[in-house]
Amino acid sequence: MNRCEAVGRARVFVAWLILASVAWGGGARATGTAATFCAAATQRLPNLPAPVCARAMLVDSGARSVRGQPLWQRDVVAPHAVRKVLVIGGIHGDERSSSALVFHWIQHAVLTPSDVHWRFVPMVNPDGTLREPPTRTNANGVDLNRNFPTPNWDKEAPVYWNQRTGKDPRRWPGPKPLSEPESRWLLDEMERWKPDLIVSVHAPYGVLDFDGPIVPPQRLGRLYLDQVGIFPGSLGNWGGVHKHVPVVTIELNNARQTPTDAEMRQMWLDLLRWIGDRLGAS
């Protein structure tokens, strides 16, 4: 074996060790560094080159998943920010394109002037997203987007799960509202940081959804507004309807493939334009 072959095999082995440290297998509870996280994310997510993840300059939010993985975040703060916008992806782990898009948007936020304090959390459900194969639910088998404390959750969420989903395990709302550390973190973040807008990225239905007290965006890129209704325990129901914090829910067309770079940029520019028109200044 020559030196180049030896170095190549060593790199592959190191990458495998990193991935193993963040996978579910063996019951490992990884914390790690941003570099470790990026090594796993670039292997798992579509259209996420290593430099894009590295340039995100993620920091540990202090929150942890069920299996002890950090919820990494990045703040991009305009010099004269007048609004706070929280952008999240990967609340459903098998919608990997949602996390990838958030990574790309971090770079757009850095490069595009605005009057916004952005907070990006690309992967709210790292346990489900980094598992192979990925799962919609978190490590406890809970659909995090049905775990928020909407009114009458104790009656409505179980009935919906039983009767409307046929007890689909991918949509189990959990034993009680806020039973999961990931959903508790998001509730705490809303109470503590008080965003003026939440943008939650999903896939694969190819529509734009909205909940909240203001006029919704009509389109972002090629996605057009098609409000699909509210669900017990969903973020849109809880945040947009009951907490009166506008929630833009983006449903990408494909869970395994991001839009093109040009399309992601157009979606970003459309979002900025709508924020300027509808949120305005204090």
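The values are calculated or read from the model by the stated rules, or taken from the named source; none is laboratory data. Computed from a predicted structure; not experimentally measured. Every residue, glycine as well, gets a Cβ built from its backbone with ideal geometry; the counts of neighbours run over all protein chains shown. In case anyone asks, the SASA skips ligands and DNA or RNA and just uses the protein heavy atoms, side chains included. Shrake-Rupley method; radii C 1.70, N 1.55, O 1.52, S 1.80 Å.
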Across region 39-52, what is the number of residues that are over 21 Å from ALA203 (Cβ atoms) and open to solvent by less than 40 Å² (accessible area, probe 1.4 Å)?
1
For region 227-267, enumerate the residues that are within 28 Å of THR165 (Cα to Cα), open to solvent by 10 Å² or more (accessible area, probe 1.4 Å), of a type in the set (A, V, I, L, M, F, W, C) and outside any loop (DSSP other than H, G, I, E, B).
TRP238, VAL241
Taking GLY32 and the conditions (1) outside any strand (DSSP E or B); (2) modelled with pLDDT of 95 or more; (3) small (Gly, Ala, Ser), which numbered condition does it fall short on, given that it satisfies the others?
(2)
Hey, ARG136 of a type outside the set (A, V, I, L, M), touching a His at 6+ places or on another chain (Cβ under 7 Å) and buried (at least 17 other Cβ atoms within 10 Å of the Cβ) or not
yes
Based on what the data block shows, is PHE148 open to solvent by less than 10 Å² (accessible area, probe 1.4 Å), farther than 22 Å from THR42 by Cα and either assigned to a helix (DSSP H, G or I) or in contact with a helix residue (DSSP H, G or I) (Cβ under 7 Å, 6 or more places away or on another chain) (or both)?
yes
Counting only residues that are under 26 Å from TRP274 (Cβ atoms), more than 15 Å from the chain's Cα centre (by Cα) and either in a strand (DSSP E or B) or free of Cβ contacts under 8 Å to residues at least 40 places away in the same chain (or both), how many does region 50-77 have?
2
Close pairs from region 247-260: first modelled with pLDDT of 95 or more, partner part of a strand (DSSP E or B) and open to solvent by 30 Å² or more (accessible area, probe 1.4 Å), Cβ under 7 Å, at least 6 apart
none
If a residue must be in a loop (DSSP other than H, G, I, E, B) and open to solvent by less than 70 Å² (accessible area, probe 1.4 Å), how many such residues does region 175-188 contain?
4
Picking from TRP105, TRP118, which residue would you name as being surrounded by 24 or more Cβ atoms within 10 Å (Cβ to Cβ) and touching a helix residue (DSSP H, G or I) at 6+ places or on another chain (Cβ under 7 Å)?
TRP105
Could you please let me know if PRO217 is in contact with a His (Cβ under 8 Å, 6 or more places away or on another chain), under 21 Å from ARG83 (Cβ atoms) and part of a loop (DSSP other than H, G, I, E, B)?
no
Counted residues, region 155-174 - those being open to solvent by 90 Å² or more (accessible area, probe 1.4 Å) and within 25 Å of SER65 (Cβ to Cβ)
3
Kindly list the number of the only condition in (1) crowded, with 17+ Cβ neighbours inside 10 Å; (2) over 19 Å from the mean Cα position of the chain (by Cα); (3) assigned to a strand (DSSP E or B) that fails for TYR224.
(1)
